[in-house]
Structures are given as C-alpha cells and as structure tokens.
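The values are calculated or read from the model by the stated rules, or taken from the named source; none is laboratory data. Values in this document were obtained by computation on a predicted structure and should not be read as measured data. With ideal geometry, Cβ positions are generated from the backbone for all residues, glycine too; neighbour counts draw on all protein chains shown. Note: accessible area is taken over every heavy atom of the protein model, side chains too, but ligands, DNA and RNA are not part of it. Shrake-Rupley method; radii C 1.70, N 1.55, O 1.52, S 1.80 Å.
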Amino acid sequence: MVKSQSSILIRCSVPDIFHFVVTDFVRNYPRWSPEVQSLTPLSSGPLTVGWTARQVRIDQGRRSEADFKVIALEPERRVCFKGIKDPFEINYFFEPHFDYTRLTFSFELARLSLGLRPFEKLIRVAVKDGTDRVVRDLKTLAERELGQQKTD
C-alpha cells in the first residue's frame, strides 16, 4: 500500500473552498491537477454519493485512464473518491482555522501491480510530491480566484 497526505492553510472560508473543490469539481479539478488531460462526468448533476466520472491523466509521461466514484460526501467537511476498477482512494478534508481553511488531501493506492513493486520507493516519493503539489496548486488557484471575487 502507498499512502500520502498533505495539508495547507488557504485564506478563504470553508464554504468557499468546499464550493470551489466540490460544487465546481468538474470545472476546477483539471485546473489544480494539470496531469488531468480530460475529465468526463459519467453521472449527471452535482457531486453526490454514487456520482461517477472518467479521467485521463499523464503522470510523469505515463498515460492512464480511470473511472472513479464519490463514496462519501459530508458538506463542508469531506469528499472521498474511489477508483471503480483501480485500487485508489482520494480524500479532501476541510477544517475551519480562524479566517482560513485547512485543506488536507490524501491519496492511497491499495496495491501495486507485480511489475511496479520493484519501484515502490520511487512511487512513494512521486505520490508524496503529488499530494504536496495538489494542495499547493489548489491554494494558489483558490486564493487568486476567490480573493478576486471578494474585491470585485
């Protein structure tokens, strides 16, 4: 199993960040995660438990396609995605911290294929770099856009 978690403080309220991440997920996810080449909702409507989508990613030159679904959704607290065929789980946690939101992003890969096991240490490093990059990019994007909305 490969797991990583990263947290960051974002200078926006929990409702604003939750809306940015969850309500506007289809629009914003490829923007804070540029490895996502395409995101196609397979369900209609807003994110709810059971909502599904397909993503095509290019991570370190490797193209992958995965279907995933929402398996947990707690308004203004948490959203969790799980791979339908692929053994991954992703969580976003939202916690108030004074005038900020502490966003925690976790990624878990339940198992590595036999061919990837010799590279487990490198994969762990890449996953940690990835979780750090996600929270950093999400913070930059959200503060820039949500901060502008407050001054407009």
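Can you tell me which residue within the stretch 1-38, out of those that are assigned to a loop (DSSP other than H, G, I, E, B) and not hydroxyl-bearing (Ser, Thr, Tyr), is surrounded by the most Cβ atoms within 10 Å (Cβ to Cβ)?
Step one: of the stretch 1-38, the residues assigned to a loop (DSSP other than H, G, I, E, B) are 1, 11-13, 24, 33-35.
Filter again for not hydroxyl-bearing (Ser, Thr, Tyr), leaving 1, 11-12, 24, 34-35.
Values: 1: 9, 11: 14, 12: 23, 24: 15, 34: 11, 35: 16.
Step by step, filter the stretch 1-38, then rank; the result is 12.
Would you please list the contacts, defined by Cβ atoms under 8 Å and residues six or more apart or on different chains, that run from a residue in the stretch 26-43 that is on the phi < 0 side of the Ramachandran plot to a residue that is assigned to a loop (DSSP other than H, G, I, E, B)?
So the pair list comes out as 41/51; 43/50; 43/51.
What are the residues in the stretch 47-61 that are out of contact with any Asp or Glu (no Cβ under 9 Å at 6 or more places or on another chain), without any contact (Cβ under 8 Å) to a residue 24 or more places away in the chain and within 17 Å of residue 82 (Cα to Cα), if any?
Our first condition is that a residue be out of contact with any Asp or Glu (no Cβ under 9 Å at 6 or more places or on another chain); within the stretch 47-61, this holds for 47-51, 61.
If we keep only those that are without any contact (Cβ under 8 Å) to a residue 24 or more places away in the chain as well, we get 50-51, 61.
The answer is 50, 51.
To keep it simple, each residue is scored yes or no on (1) more than 16 Å from the chain's Cα centre (by Cα); (2) open to solvent by less than 60 Å² (accessible area, probe 1.4 Å).
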position: 55; (1), (2): no, yes
position: 60; (1), (2): yes, no
position: 76; (1), (2): no, no
position: 87; (1), (2): no, yes
position: 94; (1), (2): no, yes
